[in-house]
1. Of the residues that sit in the range 66-125 and are part of a loop (DSSP other than H, G, I, E, B) and touching a Gly at 6+ places or on another chain (Cβ under 8 Å), which one is nearest to residue 239 (Cα to Cα)?
2. Select from the range 182-211 the residues that are in contact (Cβ under 8 Å) with a residue 40 or more places away in the chain and in a loop (DSSP other than H, G, I, E, B) and write down the one among them that is nearest to residue 127 (Cα to Cα).
3. Report whether or not residue 179 is within 25 Å of residue 150 (Cβ to Cβ), more than 17 Å from the chain's Cα centre (by Cα) and charged (D, E, K, R).
4. Hey, does the range 115-130 have a residue that's more than 18 Å from residue 271 (Cβ to Cβ) and either among the aliphatic types (A, V, I, L, M) or crowded, with 20+ Cβ neighbours inside 10 Å (or both)?
5. Let me spell it out: the conditions are (1) free of Cβ contacts under 8 Å to residues at least 60 places away in the same chain; (2) over 16 Å from residue 236 (Cα atoms), and residue 157 meets all of them except one. Which number is the exception?
6. Somewhere in the range 165-172, is a residue over 21 Å from the mean Cα position of the chain (by Cα), surrounded by 15 or more Cβ atoms within 10 Å (Cβ to Cβ) and within 21 Å of residue 272 (Cβ to Cβ)?
7. Consider residue 98 against the criteria (1) at pLDDT below 95; (2) outside the structural domain of residue 247 (by TED's automatic domain parsing); (3) within 24 Å of the chain's Cα centre (by Cα): it satisfies all of them except one. Which criterion is unmet?
8. Tell me, which residue of the range 15-34 that is among the β-branched types (Val, Ile, Thr) and touching a Ser or Thr at 6+ places or on another chain (Cβ under 9 Å) is farthest from residue 2 (Cα to Cα)?
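The values are calculated or read from the model by the stated rules, or taken from the named source; none is laboratory data. Here the structure is a predicted model, which is why all the values come from computation and not from measurement. For neighbour counting, all protein chains shown are included, and Cβ atoms are generated from backbone atoms with ideal geometry for every residue, glycine included.
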Amino acid sequence: MINYIKRKDLNVKKYDACIEESIQSRIYAFSWYLDIVADNWDVLVLDAYEAVMPIPWKRKYFLKYSTQPYFCQQLGVFSKTTLSAKLQVDFINRIPNSFLKVSYQFNSDNVNVSNHFSERKNYILNLSEDYSELRKKYKKDRKYRVNQSLRNDFVIQNIEIDNLIKIAKEHYKFIALLDKDYLKLKKLMYQAVKTNNGFLLGVKDAGGCFFLKDKKRLIYLFSVMTPFGKEKQVPSLLLDSIIKEYSNSNYTLDFEGSMIPGVEAFYKSFGAEKEDYYLFEKSFL
């Protein structure tokens, strides 16, 4: 039986164990992560936490709706054993109709089971090969830009979280993030770094990026550059350094998108391959 469990009634230990042991495991779904990025969240639970589906939600004018939080690309159903399409449908059907609208992104290991699904693009790069082999997959222009940046002899170092946020607010005013969203991001980065689930890299006066890290994936969650950093191809330099450092490993570099053509082309230029996941949208009005 699938039950709707409120966050306050959740057995956190069993829930997190299900996420950790699941075939579809994603860092976004752990309780500590959702407690930071989601205004509210509850969970659909199968039996004794054999499978779970976290549901973030908000309230506006006393009306509840479910929407994907910022910094949380993929949720969906997480199961300890192979997930059937029927069981995934059963979870979807148990989403309470008390939500007036639902906009929810399933993980790439979940399948398309509804005409309310639309395809979203993600790009990933398997890092199991030698760096020399991985670099052969770069597009010609990307190799040139990496080499161009390397000639500057920049020192790649840890960048302070506050500095990263400062650059974002000064040079990325077009990003639709409010102060409260930056506070969530800041809290997320501090917690992830503290628990070894994330790290920052940057170049002085150029900018930097933040990566999430779990047992399978390095997720390129947030990156900002000054005009100087963009001019000197620092984003290419930082990603190349990560690919080099984690080559010959069981990690996958997850670029987290994108549906934006220019960003998509940037990720593909590193040899990344498309990974589909699905957005579920439905109105209960």
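1. 73
2. 197
3. Considered against the rule, which asks whether it is within 25 Å of residue 150 (Cβ to Cβ), more than 17 Å from the chain's Cα centre (by Cα) and charged (D, E, K, R), residue 179 comes out as no.
4. Within the range 115-130, none of the residues are more than 18 Å from residue 271 (Cβ to Cβ) and either among the aliphatic types (A, V, I, L, M) or crowded, with 20+ Cβ neighbours inside 10 Å (or both).
5. With respect to (1) free of Cβ contacts under 8 Å to residues at least 60 places away in the same chain; (2) over 16 Å from residue 236 (Cα atoms), residue 157 is out only on (2).
6. Checking the range 165-172: not a single residue is over 21 Å from the mean Cα position of the chain (by Cα), surrounded by 15 or more Cβ atoms within 10 Å (Cβ to Cβ) and within 21 Å of residue 272 (Cβ to Cβ).
7. Evaluating residue 98 over (1) at pLDDT below 95; (2) outside the structural domain of residue 247 (by TED's automatic domain parsing); (3) within 24 Å of the chain's Cα centre (by Cα) leaves (3) as the failure.
8. Checked the range 15-34; the qualifying residue farthest from residue 2 (Cα to Cα) is 23.
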